[in-house]
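No value in this document is a laboratory result; all are computed from the given coordinates. Since the structure is predicted, the reported quantities are computational estimates derived from the model, not experimental observations. Cβ: placed from backbone, ideal geometry, glycine included. Neighbour counts: every protein chain shown.
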Amino acid sequence: MEMSKTYNPSEFEKRIYDEWEKNGYFTPKIDKNKIPFTIVMPPPNITGQLHIGHALDETIPDSIIRFKRMQGYVTLWLPGTDHASIATEVKIVDKLKEEGLTKAQIGREEFLKRAWAWKEKYGGRIVEQQKKLGTSCDWTRLAFTMDEKCSAAVKEVFVNLYNKGLIYQGKRIINWCPCCKTALSDAEVEYAEEPSFFWHLRYYFKDSDEYIVVATTRPETMLGDTAVAVNPDDERYKDLVGKTLILPIVNREIPIIADAYVDKEFGTGMVKITPAHDPNDFEVGLRHDLDAIRVMDDEGKMNENAGKYAGMDRYECRKAIVADLERLGNVEKIEPHAHNVGHCYRCGDTVEPIISKQWFVKMEPLAKPAITAVKRKSIKFNPERFAKIYYNWMENIKDWCISRQLWWGHRIPAYYCENCGETVVSKEFPKVCPKCGCEKFRQDEDVLDTWFSSALWPFSTLGYPNDTEDLKYFYPTDVLVTGYDIIFFWVARMIFSGIEHMKRIPFKDVLIHGIVRDSQGRKMSKSLGNGIDPIEVIDEYGADTLRYCLINGISAGSDIRYSQEKLEGCRNYINKIWNASRFVLMNCEGRKIKDISECKLSAADKWIISKLNSVIREVTVNMEKYEIGLACAALQDFVWSDFCDWYIELCKPALYGDDEKKKDDVASSLCYVLINTLKLLHPFIPFVTEEIYSHVPTAKGSIMVSEFPKYDLKHAYKKERADMGKIMEIIKAVRAIKTEAGAAPSAKVDMYVVTENKRPIISSETYFKRLANVNEVKFVAAKDEIGEKVVSKILGGAEIYIPLGELVDTEKEIARLKAELEKTENEIKRAESKLANQGFVAKAPKALIDGEREKLVKFNEIKQKILSGINELTN
RNA sequence: GGGGGCAUAGCUCAGUUGGUCAGAGCGCAUGCUUCACAUGCAUGAGGUCGUAGGUUCGAGCCCUACUGUCCCCACCA
């Protein structure tokens, strides 16, 4: 089948993906004699649709895995999806709301039924979208964080950590989202500065008209105050410690205590202490044995401890309390104040610090070896600077609140004896209470933080806790590719989990990428409406174009900008590849395509083979360093400039000639370069390369499982490379002469050459004819043999003269030569001053000094030639 | 309050261990209907590499300070 005239990706992408999948190319065959290469995919949420961030997140590892697969590794790219506890639950609740129902009304069992139905319905959607992108992951191993495998791992890990004392239940201050009605971990809270007020309140002493002033940003919490604290070193208040205050409105007696936590300099130096609603106050409360009085319920409404405010919403209550305090004369002043407020990362509601009984993971013992692993470079962050961010988090880590008051998720495997209240943590439902022998238990109502299961992903998906073949062969994985936004949520937790439970790091490299921004550098967001739907882009431009647009020119850790112009540029590049391939294949038709070792190769053939050889090395080296952007850039330069603009043009004289044998040789060389170029390109733009490859007569099978090109010293061809460089320089010079003189590029001209090395020029005459529209190449000993009306270009080692007759403007030519003279003289000056520098001659490497000397000689020669040229014209 | 990124041609960005490194793409100008491609070809204009010092024979590249800008972390009530 012929290749169609234009690049039309929609004609083949789907077909090709189906072929790959049908042939099982994505599924590795475990082979103990070969080296595995493994990547686990960051599991997208089942609530999600593929967005541009996913597209980037998946194109990078896909390029890496395709490269490694072609290099002969046994590659596994393991895909999966995440149950996304809160995100999914919120969606289900919303849907219930539309039906006029609540969670409580339908009950846990029915709710979970609906959640699973949701998963069945939407969980697969993103998978189909990933396939459109060309992701070469092993779908036979598709995992889900709540499938049997992963759930078994979660239970195993929970029980083990509990038995080691690393999971505990405690009543502590946690972040509470009144909207989602669940506890959150510290990582799940996002802080944003908001304009607010600083309320300065008067608290009177017991039986006195005197008062002190405390400042607060959350006046409603005063209902739960159980003390006022000052710094023990604060001379101003030393005498007040131990005195009793009367809490306004509530009329509770509260003491003034001394605690080092208080900053003397800030505010009034006196702090109201609310142990139930502030993490610091909670600590103070513990130290001073204060009561913790909760005044807010789980919905963010004031509770029975709030007296007459009970039932009010927290903000409503704030207003009411401030009004009441003002009326009572308890407000000293109110000043504007920018306040850092925590928000739920899922729903955006303001998070309340609330005292609550939750499950926690004790972090310090887990964090320590995880820090060491990175310090020792067992795990390497790329770019390295993200290791710092990681250390910063890990070294200051606090215990991880893992229980969530939700239904969708891994239910905590803790059971309470109905009789004596004993807690039993076990993988199975317990039979007998170890304490009282009773047989009745109820399971903890809560589920685990979504990230608890994500943390186990690199080994839970491979079969842990069972010692499976997969786990033995593929663990630890090789590289984790993800965005910097989830280093804390995910990367850090996988690292300590892998070390703790597998006794081995989960991956060797962490490749961090940035986020995709719009053309103006803004984050893509729903509210701005500047988001890009990757599926629409794929439908219009093809998956390869989108992929290339995302990875071309990226560097690790940096954000990238997406723009229509860039996208079109990438489409044009692929179109270029398409058409160059068409040209090669058209010229291979009916020809005898031989191995290049059996061909008589021209200088141009050897030149391109040598260039190809270099780019093979460059791509390979960069891909091994995960420098995808550099690999793409080097390749694009080779393909467009060397291969298309030069080599194909250099081949045309022979292809359009009548030497059939020569035509076979040129076609063979073109075909060789094309095949290897396609292979180099395949990891980045897999569809189009596969499609073209299928039309190449000498190519067999799928390019996806073909061997990646290898650098070969035999193909260095140093002499031909230098010769062709000279030829190309002359061609450019002739073109430039014509353009500058205002001659049409198509104007046939004679070319006079003064040179000591005629050989490469003689053998390249056809190139000058074809690429520079040269009539005839004539060698002369000196310029005066040519006559008047010539334009000259002095190159190192050759002088080029073109007689242009009437087109030669003597004045213009003199000016041009003078400009060139100036450039040359600058070069000479530069070289001279360098060589005059004692330090340079004494300390610089010899090759550099010699190079500088050679340059000086060369430019001096050129200078003389230009000078004589100017002289002649002036006379 | 800590920590980090970025600052190079009009725009978006490359510049690996300091020595042809001043680059690419887009845009711009001029010229091309040559049989792969106008989603193209050719030629060209454009930057004292944020500012000020320092190290070095030699600095976009290393060090220090500053300015601008973006981001992350942190309990300042």
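Working note: Karplus 6.51/-1.76/1.60 with θ = phi - 60° gives the stretch A:761-778 the couplings 6, 4, 6, 10, 4, 4, 5, 5, 4, 6, 8, 10, 6, 8, 6, 8, 9, 10 Hz, where Gly and Pro are set to x.
Stokes-Einstein diffusion for the stretch A:736-875, with the hydrodynamic radius set to the Kirkwood value over Cα pairs and evaluated at 37 °C in a medium of 0.692 mPa s, equals 197 µm²/s.
Using the Karplus relation 6.51 cos²θ - 1.76 cosθ + 1.60 with θ = phi - 60°, the per-residue 3J(HN,Hα) values for the stretch A:615-625 come to 6, 4, 5, 4, 5, 4, 4, 5, 5, 5, 8 Hz, with x marking Gly and Pro. Each 10 Å bin from 0 upward holds the following percent of the Cα-Cα pairs of the stretch A:1-144: 10, 32, 27, 19, 9, 3, 0. When every Cα-Cα distance of the stretch A:373-438 is counted in 5 angstrom steps from zero, the calculated P(r) takes the values 3, 13, 14, 11, 9, 11, 11, 10, 8, 7, 3, 1 percent. For chain A, the longest principal axis of the C-alpha atoms and the axis of helix A:85-98 are separated by about 70°. The chymotrypsin sites (Phe, Trp or Tyr not before Pro) of the stretch A:655-758 meeting both criteria, a DSSP state outside H, G, I, E and B (loop) and at most 11 other C-beta atoms within 10 angstrom of the site's C-beta, are A:Tyr656. If you look at the Cα atoms of the stretch A:257-303, you get an Rg and a Dmax of 12.2, 36 Å.
Relative to the longest principal axis of the Cα atoms of chain A, the long axis of helix A:385-395 makes an angle of roughly 10 degrees. For chain A, the average shadow cast by the Cα convex hull is 51.6 nm², which is a quarter of the hull's surface. Taking every alpha-carbon pair under 8 Å whose residues sit at least 6 apart, chain A reaches a relative contact order of 12 percent.
Along its principal axes, the stretch A:761-831 has C-alpha extents of 38, 30, 24 angstrom, given from the largest down. Evaluated with a Cβ-only charge set (Lys, Arg +1; Asp, Glu -1), chain A carries a dipole of roughly 2540 debye about its Cα centre, given to the nearest 20. Qualifying GluC sites (Glu not before Pro) in the stretch A:697-761, where qualification requires a DSSP coil assignment and no more than 12 other C-beta atoms within 10 Å, comprise A:Glu707, A:Glu756. Semi-axes of the equivalent ellipsoid for the stretch A:484-539, computed as √(5λ) from the eigenvalues of its C-alpha gyration tensor and ordered from largest down, come to 34, 13, 10 Å.
Could you work out how far helix A:810-836 tilts from the main Cα principal axis of chain A, as a 0 to 90 degree angle to the nearest 10? Around 60 degrees separate the two axes.
Taking only C-alpha pairs under 8 Å that are 6+ residues apart, what is the relative contact order of the stretch A:402-514 in percent? The value is 23 percent. Per the Debye formula on identical point scatterers at the alpha carbon atoms of the stretch A:136-233, with no solvent, log10 I(q)/I(0) at q = 0.21 Å⁻¹ is -1.27.
Evaluating 6.51 cos²θ - 1.76 cosθ + 1.60 at θ = phi - 60° for every residue in the stretch A:546-556, the Karplus couplings come out as 4, 4, 5, 4, 7, 10, 5, x, 6, 10, 3 Hz, glycine and proline recorded as x. A viscosity of 1.306 mPa s and a temperature of 10 °C, combined with the Kirkwood radius over Cα pairs in Stokes-Einstein, give a translational diffusion coefficient for the stretch A:622-663 of 131 µm²/s.
Percent of alpha carbon pairs in the stretch A:496-574 separated by more than 14 Å? Distances greater than 14 Å cover 69 percent of the Cα pairs. If you plug the beta carbon distance of A:Lys652 and A:Lys508 into 1/(1 + (r/R0)^6) with R0 = 41 Å, you get a FRET efficiency near 0.25. Note that the stretch A:504-650 shows a convex hull volume over its alpha carbon atoms of 170 Å³ per residue. Computed on the stretch A:647-770, the Cα convex hull volume stands at 164 Å³ per residue. Diffusion coefficient (Stokes-Einstein, Kirkwood radius over C-alpha pairs, 25 °C, 0.890 mPa s) for the stretch A:795-861: 174 µm²/s, rounded to a whole number. Peptides A:850-863, A:126-139, A:535-548 ranked from most to least packed give A:535-548, A:126-139, A:850-863, packing being the mean of other C-beta atoms within 10 angstrom over each peptide's residues. Measuring max minus min along each principal axis, the C-alpha atoms of the stretch A:413-503 give extents of 50, 32, 16 Å (largest first).
When you filter the trypsin sites (Lys or Arg not before Pro) in the stretch A:623-662 for DSSP loop state and at most 15 other Cβ atoms inside 10 Å of their Cβ, you are left with A:Lys625. Taken over the stretch A:728-796, the alpha-carbon convex hull comes to 85 cubic angstrom per residue.
Summary value for the stretch A:803-866: 42 percent relative contact order, contacts being C-alpha pairs under 8 angstrom separated by 6+ residues. Gyration tensor analysis over the Cα atoms of the stretch A:176-240 returns equivalent ellipsoid semi-axes of 32, 15, 13 Å (largest first, whole Å). Of all DSSP beta bridges confined to chain A, the antiparallel ones make up roughly 70%.
Taken over the alpha carbons of the stretch A:86-131 as equal point scatterers, the Debye sum produces base-10 log I(q)/I(0) values at 0.18, 0.24 Å⁻¹ of -0.56, -0.84. Working note: Cα atoms of the stretch A:110-184, range along each principal axis, descending, whole Å: 48, 33, 26. What residues qualify as long-range amide H neighbours of A:Lys625, i.e. H under 5 Å apart, gap of 5 or more or another chain, H built at 1.01 Å from N? So A:Lys625 has HN proximity to no qualifying residue.
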